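Written out below as structure tokens is the structure these notes cover.
The values are calculated or read from the model by the stated rules, or taken from the named source; none is laboratory data. Since the structure is predicted, the reported quantities are computational estimates derived from the model, not experimental observations. Glycine gets a Cβ as well: all are built from the backbone with ideal geometry, and neighbour counts include every protein chain shown. Just so you know, the surface numbers come from the protein's heavy atoms only, side chains and all, with ligands and any DNA or RNA stripped out. Shrake-Rupley method; radii C 1.70, N 1.55, O 1.52, S 1.80 Å.
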Amino acid sequence: MRPVHILIVEDDFSIVEILRLYLEKEGYIVHYSLNAADGLHIIEKELPDIVLLDLNLPDQSGFNFAKEYRKLSDGILIIITGERTKDTIMKGFEIGCDDYITKPFDPPEVIARIKANLRRISRNYSDTIIAGNLSINFSDKSVSKNGEPINLFTKEKMLLFHLVQQPNQVFSVEQLFDLIWGFDSSANLKTVHVHLSTLRKKIEDDPKKPRYIITVRGFGYKFQLAK
């Protein structure tokens, strides 16, 4: 089995060195870059499983880097930064980050977050579910519509897979948040609505009249198997 490859994109070399020591001790393969351009080159060459990203990079915004990374991979993206405003955090999740850690941080916290995110995407499913024009394959974690693959961010995919596994069961926003983001996440409940909205845009023929992800007013959301 291929070991987990982690890319650190951070312009403070002292932080890079601390993270590298802790990550390598856990058995991860570590790559690093002190700027966005070199980081994108590493992604194209190595396609790391996880990216730890600082927002304040010398050559471009970390948000721009995140957008470019999401074009290439749906791997785990964890933002590590001193930015603490709600708008900044929400922008990160809307772009497709999976977790958000603010500086200063303890390296063991970063390790814990990495392991939590790996656990959430490592559930092994063996079946393929066909729902209307959707095909959801749990073994290779792929989703297609009308036979064409759909590119979903990690959290969108996790939300979809969880709802599909228990069709017609209603989950509250709080339940989905705890299940997908975990109690220790810096996100808030709004990010559940944001991710479900973007997910609908990708899988529904008409997101304003959803066929699959149904809102149960006052209670939450459910996945409805198409008839």
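Observations on the model:
- Exposure rank, largest accessible area first [Phe171, Phe105; 1.4 Å]: Phe105, Phe171
- Taking 0.36 nm per residue of separation and subtracting the Cα-Cα distance, full extension of the segment from Gln169 to Lys209 would add 12.5 nm.
- Solvent-accessible surface (1.4 angstrom probe) belonging to Lys86, in square angstrom, nearest 10: 140
- By DSSP, the beta bridges lying fully in the chain are antiparallel in about 50 percent of cases.
- Hydrodynamic radius (Kirkwood) for segment 128-223, which is based on Cα pairs only, to one decimal in Å: 13.6
- Pair-distance distribution of segment 1-128: all C-alpha pairs, bin width 5 Å, starting at 0; shares per bin in whole percent are 2, 10, 23, 25, 22, 12, 4, 2, 1, 0.
- When nucleic acids and ligands are ignored and a 1.4 Å probe is applied, Lys103 ends up with an accessible area of around 50 Å².
- Accessible surface of segment 1-112 [probe 1.4 Å, protein heavy atoms]: carbon and sulfur percent: 52
- Whole-Å distance, taken between Cα centres, linking segment 1-62 and segment 163-177: 34
- For Asp49, the accessible area of its heavy atoms, probed at 1.4 Å with every protein chain present, is near 50 square angstrom.
- Bridges between two residues of segment 1-100, per DSSP, are antiparallel at a rate of about 5%.
- Largest to smallest in accessible area, the residues Tyr69, Tyr221 fall in the order Tyr221, Tyr69 (1.4 Å probe, all protein chains included).
- Hydrodynamic radius of segment 36-94 by the Kirkwood approach over all distinct alpha-carbon pairs: 11.7 Å.
- About its Cα centre, the dipole of segment 187-227 is roughly 80 debye, where the only charges are +1 on Lys and Arg Cβ and -1 on Asp and Glu Cβ.
- Radius, Kirkwood style, for segment 155-198 when every pair of distinct Cα atoms is counted (Å): 10.6
- Summing charges over neighbours of Ile80, with a neighbour being any other residue whose Cβ is under 11 Å away from its Cβ, gives -4 when K and R count +1 and D and E count -1.
- Charged-residue dipole, Cβ positions (Lys, Arg, Asp, Glu), the chain about Cα centre, Debye nearest 20: 1220
- Order of exposure, largest accessible area first, which applies to Phe219, Phe153 with probe 1.4 Å: Phe219, Phe153
- Shown in residue order for segment 60-70 are the 3J(HN,Hα) couplings computed by the Karplus curve 6.51 cos²θ - 1.76 cosθ + 1.60 at θ = phi - 60°: 6, 5, x, 5, 5, 4, 4, 4, 5, 4, 5 Hz (x for Gly and Pro).
- Summed side-chain charge close to Ile15 - residues other than Ile15 whose Cβ falls under 11 Å, Lys, Arg +1, Asp, Glu -1: -3
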